[in-house]
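Undergrad: Sharing a structure here in structure tokens format.
The values are calculated or read from the model by the stated rules, or taken from the named source; none is laboratory data. Quick caveat: nothing in here was measured; it's all calculated off a predicted structure. Note: ideal-geometry Cβ built from the backbone for every residue, glycine included; neighbour counts use all protein chains shown. Each accessible area value is taken on the protein alone, full model and side chains, heavy atoms only, with ligands, DNA and RNA left out. Shrake-Rupley method; radii C 1.70, N 1.55, O 1.52, S 1.80 Å.
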Amino acid sequence: MISELASLELNFNLRLNKKKSEILTAEDVEDIAGIKCRKEVKYLGVRVTTDKKEQKRIAKEQIQRNLNSLRWRLKGGEPNVVQQLTCCLARSLLIYIGTPMMVAGLWKRQEIDGLEAGLYRKILFVGSGIANKAILNTMTSIRLAGDAITSIARKVWEDARRQTRLTSFFDKEEYSSEKQTWKDRKRT
């Protein structure tokens, strides 16, 4: 792929900046074609790593950090308004962060639903005696974040299937199992 980009340089005036570029790989390689290899990189301010457990932890931490920042900025505000704004942000963050996590095969629908319920539980100070399903049914008059993420992830997977060069980035086993799940849902 690097050599293909280099071949475009003359025709389209595209240059790969090897000094600023990094390749994310789990392999113990120092560089590939002069580009540094890393097991962890920062992309658009978000840490990305090859370790799946660490990536899950980073995503959850990012959601919580943003919610805590909003709570701090809104402290002293009307409690009902603060709760509503925090719930809206929690849902938006979950969709924003959860979509790439689901596409990468790191989160499943059940995890997303659990995270969403857990966020609402913390924001609204709901005890553990109430089931997650009851919290989600009460809080989401529209559709659940998991539904939104699944829909977006399905579109990404379908696009990736059409463009075979992209499918190498996705976990093919996870893709086929999710695809099967969607087929099963259509039958019911």
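Undergrad: Return the pairs, sorted by first residue and then second, in which the second residue is among the charged types (D, E, K, R), the first residue lies in the stretch 48-67 and is under 19 Å from LYS108 (Cβ atoms), the beta carbons are less than 7 Å apart, and the residues are 6+ apart or on different chains.
TA: What qualifies is ILE58/ARG47.
Undergrad: If you don't mind, another one. Anything in the stretch 30-69 that is open to solvent by 40 Å² or more (accessible area, probe 1.4 Å) and part of a helix (DSSP H, G or I)? List them, or say none.
TA: Once the filter is applied, which keeps residues that are open to solvent by 40 Å² or more (accessible area, probe 1.4 Å) and part of a helix (DSSP H, G or I), the stretch 30-69 yields LYS52, LYS53, GLU54, LYS56, ARG57, LYS60, GLU61, GLN64, ARG65, ASN66, ASN68, SER69.
Undergrad: Please determine whether any residue of the stretch 75-89 is within 15 Å of the chain's Cα centre (by Cα) and acidic (Asp, Glu).
TA: Among the residues of the stretch 75-89, not one is within 15 Å of the chain's Cα centre (by Cα) and acidic (Asp, Glu), which makes the answer no.
Undergrad: Same structure again: Specify which of the listed residues (GLU78, GLU4, GLU27) is closer than 30 Å to GLY118 by Cβ, out of contact with any Pro (no Cβ under 7 Å at 6 or more places or on another chain) and open to solvent by 80 Å² or more (accessible area, probe 1.4 Å).
TA: Working: GLU4 fails: closer than 30 Å to GLY118 by Cβ; GLU27 fails: closer than 30 Å to GLY118 by Cβ.
So the residue among GLU78, GLU4, GLU27 that is closer than 30 Å to GLY118 by Cβ, out of contact with any Pro (no Cβ under 7 Å at 6 or more places or on another chain) and open to solvent by 80 Å² or more (accessible area, probe 1.4 Å) is GLU78.
Condition check ((1) open to solvent by 50 Å² or more (accessible area, probe 1.4 Å); (2) modelled with pLDDT of 85 or more) across all residues:
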{"residue": "CYS87", "(1), (2)": "no, no"}
{"residue": "ARG91", "(1), (2)": "no, no"}
{"residue": "PRO100", "(1), (2)": "yes, no"}
{"residue": "ALA104", "(1), (2)": "no, no"}
{"residue": "TRP107", "(1), (2)": "no, yes"}
{"residue": "ILE112", "(1), (2)": "no, yes"}
{"residue": "ALA117", "(1), (2)": "no, no"}
{"residue": "LYS122", "(1), (2)": "yes, no"}
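Undergrad: Moving on to the next point. If I ask for residues that are in contact with a helix residue (DSSP H, G or I) (Cβ under 6 Å, 6 or more places away or on another chain) and within 17 Å of ILE2 (Cα to Cα), which ones from the stretch 25-50 would you list? Full working, then the answer.
TA: Within the stretch 25-50, the subset in contact with a helix residue (DSSP H, G or I) (Cβ under 6 Å, 6 or more places away or on another chain) is 33, 47, 49.
Residue satisfying the conditions is ALA33 alone.
Undergrad: Given (1) modelled with pLDDT under 85; (2) open to solvent by less than 70 Å² (accessible area, probe 1.4 Å), where does ASN11 come up short, assuming only one miss?
TA: Tallying (1) modelled with pLDDT under 85; (2) open to solvent by less than 70 Å² (accessible area, probe 1.4 Å), ASN11 fails exactly one: (2).
Undergrad: Can you spot a residue in the stretch 153-172 that is buried (at least 16 other Cβ atoms within 10 Å of the Cβ), modelled with pLDDT under 80 and within 29 Å of MET1 (Cβ to Cβ)?
TA: Among the residues of the stretch 153-172, at least one is buried (at least 16 other Cβ atoms within 10 Å of the Cβ), modelled with pLDDT under 80 and within 29 Å of MET1 (Cβ to Cβ), which makes the answer yes.
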